[in-house]
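The values are calculated or read from the model by the stated rules, or taken from the named source; none is laboratory data. Fair warning: this is a prediction, and the values are worked out from it, not measured in the lab. Note that we place each Cβ from the backbone using ideal geometry, even for glycine, and neighbour counts take in every protein chain shown.
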Amino acid sequence: MINQVMKNSVEEIVRTRRSANNFNSEVKISKKEIGEMFEIAKFAPSAYNLQHANYVVVDELELKLQVKEAAYRQHKVGTASAAILVLGDMEAYTDAERIYDGMYRLGMMDELQFRQTIDFIYAAYQNPEFCKEEAIRNASLSAMQFMLIAKSKGWDTCPMIGFDPQQLRTLLNIPDRYHIVMMMTIGKEKTNHPRPRGYRKPIGEFVHFGAFSS
């Protein structure tokens, strides 16, 4: 019974989550509530458990309006309760020792396993292009999880790529090791003029069981 309730709840969240474009500017969100959402979002999958995703939360009005300028003055950025930059750490592998140290100290891996794991991770991340791709992949997984969590708590979100990344990097003093993956706006959507959901392909158009037909 519990599993069925959970299944229905997850399905409802996925089906009802929409990209919001018109927020109620009067609604504020507390750092405590955003923090609680990130406490759950941190369990998103990440390669080698390196947890590549980093976030910059902009909820102060003056700074948010500057972010809006960098986002080509999009209305939703100014009216959202917060604008959140999603970053992917291209040097996440350098934190491997600290992440795996607890498992080593608890005896979950011996010294040889620990060293082999760290060496394998470092070897995998020697290609800068791979580091960037991994940063994008893993941060995107985390961001999607955050948006679903936000919806479950009654908040609306919208993922965005319409912004000047260099302008945001300068404005928010973002170090070069972080790739700016996307922006998310979060708030309470005005529902007086709801947009109909757009066309969604039937699964036969995008799901392939086995190899593609020749």
Quiz item: Which numbered condition trips up residue 162, out of (1) over 17 Å from residue 15 (Cβ atoms); (2) in contact (Cβ under 8 Å) with a residue 60 or more places away in the chain; (3) crowded, with 18+ Cβ neighbours inside 10 Å?
Solution: (3)
Practice problem: Name every residue in the range 66-88 that is within 30 Å of residue 124 (Cα to Cα) and in contact with a Leu (Cβ under 8 Å, 6 or more places away or on another chain), in order of residue number. | Solution: 85
Practice problem: Report whether or not residue 151 is in contact (Cβ under 8 Å) with a residue 24 or more places away in the chain, buried (at least 17 other Cβ atoms within 10 Å of the Cβ) and touching a helix residue (DSSP H, G or I) at 6+ places or on another chain (Cβ under 7 Å). | Solution: yes
Quiz item: Of all residues in the range 173-195 being among the basic types (Lys, Arg) and at pLDDT 95 or above, which is farthest from the chain's Cα centre (by Cα)?
Solution: 188
Exercise. For the range 95-116, name all the residues that are farther than 16 Å from residue 52 by Cα and in contact (Cβ under 8 Å) with a residue 40 or more places away in the chain.
Key: none
Exercise. Just need a number here: residues in the range 66-103 that are within 25 Å of residue 41 (Cα to Cα) and of a type in the set (Phe, Trp, Tyr).
Key: 2
Exercise. Test residue 103 against the stated conditions and say whether it is crowded, with 18+ Cβ neighbours inside 10 Å and either in a helix (DSSP H, G or I) or in contact with an Asp or Glu (Cβ under 9 Å, 6 or more places away or on another chain) (or both).
Key: no
Self-check item: Restricting the range 167-199 to residues that are of a type in the set (S, T, N, Q) and over 13 Å from residue 87 (Cα atoms), the residue that is surrounded by the fewest Cβ atoms within 10 Å (Cβ to Cβ)
Solution: 192
Exercise. Residues that are in contact (Cβ under 8 Å) with a residue 12 or more places away in the chain and closer than 17 Å to residue 153 by Cα: find the helices (runs of 4 or more DSSP H) completely inside the range 1-92 holding 3 or more of those.
Key: 2-16, 31-41
Quiz item: Which one of 41, 47 is out of contact with any strand residue (DSSP E or B) (no Cβ under 6 Å at 6 or more places or on another chain), among the hydrophobic types (A, V, I, L, M, F, W, C) and buried (at least 19 other Cβ atoms within 10 Å of the Cβ)?
Solution: 41
